[in-house]
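Notes follow the structure.
Throughout, read-outs are computed from the coordinates displayed, never taken from laboratory work. Here the structure is a predicted model, which means the values were calculated and not measured. Note that each Cβ is placed from the backbone with ideal geometry, even for glycine, and that neighbours are counted across all protein chains shown.
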Amino acid sequence: MIEYENLNKSNRLFKEQLRNAFDEVFESGWFILGKKVNEFEKAFAAYCGSRHCIGVANGLDALTIALRTMNFEKGSEVIVPSNTYIATILSVLHNQLIPVLAEPDIDTYNISHLSIEEKISAKTRGVIAVHLYGKMCAMDSILAIAEKHNLTVIEDCAQAHGAKFKGQHAGTFGIFGAFSFYPTKNLGALGDAGAIITNDDLSAQTIRAIRNYGSVKKYYNEIPGFNSRLDELQAAFLLVKLKAMDKIINHKRMLAELYLSNLKNDFVLPKVHADFFDVYHIFNIRHPERNRLREFLRNNEIGAEIHYPVAPNKQKALAGILDNIFTPVAEEIHQTTLSLPISFYHSEQDIMRVIETLNKF
């Protein structure tokens, strides 16, 4: 069986280093906002080319706190992609703001700058650019629109660790880059974890307070905050994996090239362009008979996943909020998308077997 993902196998490659990291934290006796969090924040900021990194509890909190820092007036609008994961939209709602859905580009699956411009109103204050599947949005077009209309740009980088647009890292174009280190990510923790990167000194100071009950000095709370601190153990584990980040990305790009070079043209494959350095958190294909294709793979002992089967405006949790919104491009993607195995532990032989099976469909 070629599984879609197996976190035991993925993390076993770092087993000794992860155990050593655990022992170091355990022996230190310091488990909240200690040395390892500080080390990881500095290392990840340097990796991304950002001045600041602030570790938080998870990716949703990263987005929520980033938006909270902007202090938009209640009821202001924030434009988000119509095919994003629900966390992007929840971060808007948790700040008592209104999510406005803009359609993606059918070739890249990322938010279309043309659709953004169509959705701007007098109440629009921000745009969340979501870099889906490990491919960045075309940030030059988005930033040009944001400057024209005086909008704040926040990047949802939950799937884009190490991705670049025109040589610049994800998370460094907007005022904030929000990251998730969920275990399946290219840079994955052994539990929930997240971070916000920014080049703005004052915002970084505010975020550090918000994540820690609104406190700068212990027991003194300046603003209403959250308890959303990157765990010291997870920071230690992330430091181990960050050192292997380029190796992980290069391996996944090599596997992606096997798919791109060998799959027949029955499948809609990811588009490749010189301006984009794609990191393939997800290797996505599309096919009009997606469900039958997934079952065919399962019958041939190959796992595949769907990211995501339900469009946000069809989610029960968002009923009454995003009702009666027509998103045909997102619907097309949600109905045809399929994610193929592309983990760090998968071998070339694994992927060639997947390819051979797919080409028989």
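Remark: spin-label model distance Gln315-Ile106 equals 2.5 nm, labels positioned 7 Å along the Cα→Cβ axis.
Our helix-only sum for the chain, with -39,500 (n - 2.57) per DSSP H run of n ≥ 4 divided by its residues, gives a mean residue ellipticity at 222 nm of -12000 deg cm²/dmol.
Taking loop as defined by DSSP and a crowding limit of 14 other beta carbons within 10 Å, which GluC sites (Glu not before Pro) in region 188-284 fit?
Answer in residue order: Glu222.
Taking Cα centre as origin and charging only the Cβ of basic (Lys, Arg, +1) and acidic (Asp, Glu, -1) residues, the dipole magnitude of region 245-358 rounds to 160 debye. Remark: relative contact order (region 245-358) = 37 percent; criterion is Cα-Cα distance under 8 angstrom and separation of 6 or more residues.
For the peptides 55-66, 87-98, 137-148, the ranking by packing is 55-66, 87-98, 137-148, with the highest mean count of neighbouring Cβ atoms within 10 Å listed first.
Among beta bridges from DSSP that stay inside the chain, the antiparallel ones total about 60%. Temperature 37 °C, viscosity 0.692 mPa s: under these conditions the Stokes-Einstein estimate for region 245-358, based on its Kirkwood radius over C-alpha pairs, is 211 µm² per second. Take the Cα of Ala46, step 7 Å toward its Cβ, do the same at Lys74, and the gap between the two points is 4.5 nm.
For the chain, a simple Cβ point-charge model (Lys and Arg +1, Asp and Glu -1, everything else neutral) yields a dipole of about 500 debye relative to the Cα centre.
Among Pro224, Pro99, Pro270, the largest mean-square fluctuation in a Gaussian network model of the chain (Cα springs under 10 Å) belongs to Pro224.
Ranked by the mean number of other Cβ atoms within 10 Å of their residues, highest first, the peptides 22-34, 342-354, 109-121, 289-301 fall in the order 109-121, 342-354, 289-301, 22-34.
Whole number please: convex hull volume per residue, Cα atoms of the chain, in Å³.
Considering the Cα atoms of the chain, their hull volume per residue is 134 Å³.
Bridgeable lysines around Lys119 (alpha carbons under 18 Å apart, same-chain partners fewer than 8 residues away excluded): Lys148. Take every pair of alpha-carbon atoms less than 8 Å apart whose residues are at least six positions apart; their mean separation over the length of the chain yields a relative contact order of 22 percent. Please check: in the Gaussian network model of the chain (C-alpha springs, under 10 Å), which one of Val37, Val279, Val216 has the largest mean-square fluctuation. So, out of Val37, Val279, Val216, the one fluctuating most is Val216. Here the Kirkwood formula puts the hydrodynamic radius of region 130-211 at 13.4 Å, using every distinct Cα pair. Stretched out straight at 0.36 nm per residue, the stretch from Glu147 to Glu295 would grow longer than its current Cα-Cα span by 48.6 nm.
Suppose we take every Cα in region 137-180 and form the convex hull; what volume per residue is that in Å³? Before the final figure, lay out the partial values.
Working: hull volume 2.5 nm³, N = 44.
So the per-residue hull volume is 57 Å³.
For Gln335, what is the net charge nearby, where nearby means another residue's Cβ is under 13 Å from its Cβ and Lys, Arg count +1, Asp, Glu -1? That works out to +2.
Cβ neighbours within 10 Å, averaged per peptide: list 74-80, 323-329 in order, most packed at the top.
My ranking of the peptides, most packed first, is 74-80, 323-329.
Legend: Rg and Dmax of region 32-82, from Cα coordinates, 14.1, 40 Å.
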